[in-house]
Each structure stands twice: as C-alpha cells, then as structure tokens.
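The values are calculated or read from the model by the stated rules, or taken from the named source; none is laboratory data. Just so we're clear, the structure is a prediction, and the values are computed from it rather than from any experiment. Cβ coordinates were reconstructed from backbone atoms using ideal geometry, including for glycine residues, and neighbour counts include every protein chain displayed. SASA here: full protein model, heavy atoms, side chains in, ligands and nucleic acids out. Shrake-Rupley method; radii C 1.70, N 1.55, O 1.52, S 1.80 Å.
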Amino acid sequence: MNREDLLDQLSGRALGRPLKWFDVTDSTNTQAVSAVMAGQADHGAVFIAGRQTAGRGTDGHSWDSSEPVGLWMSIVLREQHSASPELTLMPAIAVAKVLREKWGIDAHLKWPNDVLVGDRKIAGILVESIVQAGGVVHVVGIGVNLNQTGFSGELKATACSGRMVLDRVLPLPIFFGQLVAELESWWRRPQEWVQAWSSLTAMIGRRAELIRSGSAQTVQVMGLTPLGHLLVRDEMGEETQVISRSGLDVRLPSRNAKENHEDAA
Ligand code: BTN
C-alpha cells in the first residue's frame, strides 16, 4: 500500500488532492489542522495514514487506529454557505452510502455522525473547524473499521469492522476511492443532507436518553430540523432542538435497532 495506490482511485475527482500519505503518524486530524493553520492545505486536501499513534475521537476520546486495518483519513473542506445544515452529517451519509451500496453492509446512522451496524460502531467522524479570514475551514476526520478480525476490552461489545460483517477483506484503496466519490457528490448537495441522513437512521420515533452535562433525560426522537439539529420530545410533550456539541450524547437503549424502531412507531 502506498500513495500511488490511493491516487489511482481518484481519477476524475476534484477532491483528494493534494494527498499526503503517512505509513504512521500521530493523527491525520492533527496533521491536517496544523497544515490548514500554516496555510499549507486548502479545500480537497487529504491526509491519510496506515497507522495512527494518537488517533482522536469525539469528546476527547482516543480512536483505536494503531494497526493498518482501517481507513484513517482527514479531508479539508471549505464551508460553502453558513446557512447549510450541520456539515458533520455529510461524511456520515457518505460512509453509510458506501457501506450499503458498494459493500451490501446494513449500516445506519446514530446522531450526529456515528455509523453503526446493529448496535456496533463501524465508523466515526471528528470534525474540527478553523475560522480564518477567508471563511471557515473544516477538517473532517473519518475513521472506518475495515479489516479488524475482532476487538478487545470495552470495544469488544461496541465495535465492529467490515471484515467481521462480511468475512472478507475490504481493500483500503478501493474503499478510499468510493468514499471520496461519495463525499464529492454529497458535498455539492447540502439541501439534501437532512433528508438523506433521516433515511439512513433507525433513531426516529425511538426512545433515547439525552445526556447533557452528565445528567440523563428520557426523550423521544422526532427527527431533524432543517439545520440538522436533533428534535426531541420530553415526557411532558415539550419539544427541544439539540445541537451537537462536546459533552452531549443521545444514547439508544442497547437492543436490536430495528425492533426498537418498530416498538416505538
Ligand atoms: C469518533 O469518536 O467517533 C470519531 C473518530 C474519528 C477517527 C478519525 S481516524 C482519522 C482522523 N484522525 C483522527 O485522529 N481522528 C479521525
């Protein structure tokens, strides 16, 4: 696996260049943020690694990516319109579409941007935004578990990989090319993000726990607002818009997603 194998998958693509490949780095998001701040990376630049020694997840968590068994990449996207729905939805749509349409994996979304198969996470997204004189630049970090054969510790019950689902290897360059194509296509269509996201989730209509500053509240998930915020209804019937931010989570009861969806409908 080298940089050329990845570039070969990008013919006809506007996104994906320049492409910086690391056999090993600390975190592709850290590398991309530094490059953007130094004025060395603009819209479309990709930072991708075989292994990360300090992969970062949301809320200050680490992201297990010390082995070359996944897609560990960050792409730089320059904001188009500040009135677009939350950008953070878009990469999750793109990942889920690739998993479903190219690989036949029954992936679905958990707000705002976790990609799950059943109750287990197969991909996560970390968006870091930098405000510059010319506008906002987003570093979109995408981690997809492609080829792990199992997980240990607390991930054992909560994570899965494409290989565990399909019992075959998913080649990184091919998956990468498919994902950049989807990102390019969805990036152009912000007006379709809310609808697309909604069609890829099993959350709508379900009961969930809204965790804010450590305290939990039982709510029913009603759907997304036009800006991509989560609309929930509390037990008193009051509706609230939830905006994705640090320290906030919406947890679903740990059961088969489809059954629960049908129960609540
Ligand atoms: C999550 O917690 O769900 C987000 C995980 C994001 C992981 C990816 S892997 C590539 C990029 N580099 C990082 O350090 N994190 C993101």
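For segment 195-258, the equivalent ellipsoid derived from the Cα gyration tensor has semi-axes of 17, 15, 12 Å, listed largest first. Ratio of Rg to Rh for segment 63-129: 0.98 [Cα atoms; Kirkwood radius as inverse mean 1/r over pairs].
Max-minus-min Cα coordinates of segment 145-236 on each principal axis give 49, 40, 22 Å, with the largest extent listed first. List the aspartates and glutamates whose Cα sits under 14 Å from the Cα of LYS102, skipping any in the same chain fewer than 8 residues away. By straight Cα distance, LYS102 reaches GLU182. Dipole check for segment 59-194: with +1 at the C-beta of Lys and Arg, -1 at the C-beta of Asp and Glu, and the Cα centre as origin, the magnitude is about 300 Debye.
For LYS20, the aspartates and glutamates whose Cα falls under 19 Å of its own Cα, not counting residues fewer than eight places away in the same chain, are GLU4, ASP5, ASP8, ASP42, GLU67, GLU128, GLU184. The residue among LEU89, HIS61, PHE47 whose Cα reaches farthest toward the positive pole of the charge dipole of segment 32-170, with charges on the beta-carbon of Lys, Arg, Asp and Glu, is PHE47. Annotation: Cα Rg of segment 1-151 relative to the compact-globule expectation 2.2 N^0.38 Å equals 1.01. Given +1 at the Cβ of Lys and Arg, -1 at the Cβ of Asp and Glu and no other charges, the dipole of segment 106-165 around its Cα centre is 140 debye to the nearest 20.
With point charges of +1 on the Cβ of Lys and Arg and -1 on the Cβ of Asp and Glu, referenced to the Cα centre of segment 128-234, which listed residue (GLY134, PRO171, LEU210) lies farthest in the positive direction of the dipole? Working it through, the farthest residue towards the positive pole turns out to be LEU210. For segment 136-245, trypsin sites (Lys or Arg not before Pro) are listed when DSSP marks them as loop and at most 15 other Cβ atoms sit within 10 Å of their Cβ; the list is ARG168, ARG188, ARG245. For the chain, the 222 nm mean residue ellipticity estimated from helices alone, with every DSSP H stretch of n ≥ 4 adding -39500 (n - 2.57) and the total spread over all residues, rounds to -6500 deg cm²/dmol.
Within segment 65-127, list the GluC sites (Glu not before Pro) lying in a DSSP loop whose Cβ has at most 12 other Cβ atoms in a 10 Å radius. Counting only loop positions with at most 12 other Cβ atoms within 10 Å, none of the GluC sites (Glu not before Pro) in segment 65-127 qualifies.
For the chain, the relative contact order is 17 percent, taking Cα pairs closer than 8 Å that sit 6 or more residues apart in sequence and dividing their mean separation by the residue count. Kirkwood radius, segment 31-91, all distinct C-alpha pairs, inverse of mean reciprocal distance: 13.3 Å.
The charge dipole of segment 1-139, taken about the Cα centre with unit charges on the Cβ atoms of Lys, Arg (+1) and Asp, Glu (-1), comes to about 220 debye, rounded to the nearest 20. Solvent-accessible area of ASP42, all protein chains in place: 80 Å² (probe radius 1.4 Å, heavy atoms, ligands and nucleic acids excluded).
The relative contact order of segment 23-114, computed from alpha carbon pairs under 8 Å that lie at least 6 residues apart in sequence, is 24 percent. Annotation for segment 77-155 versus segment 181-217: alpha-carbon center distance of 10 Å.
Size descriptors for the chain, from the alpha-carbon set: Rg then Dmax equal 17.9, 57 Å.
Of the accessible area of the chain, computed with a 1.4 Å probe over protein heavy atoms only, carbon and sulfur atoms account for 48 percent. Across segment 23-65, Cα pairs under 8 Å and at least six residues apart give a relative contact order of 46 percent.
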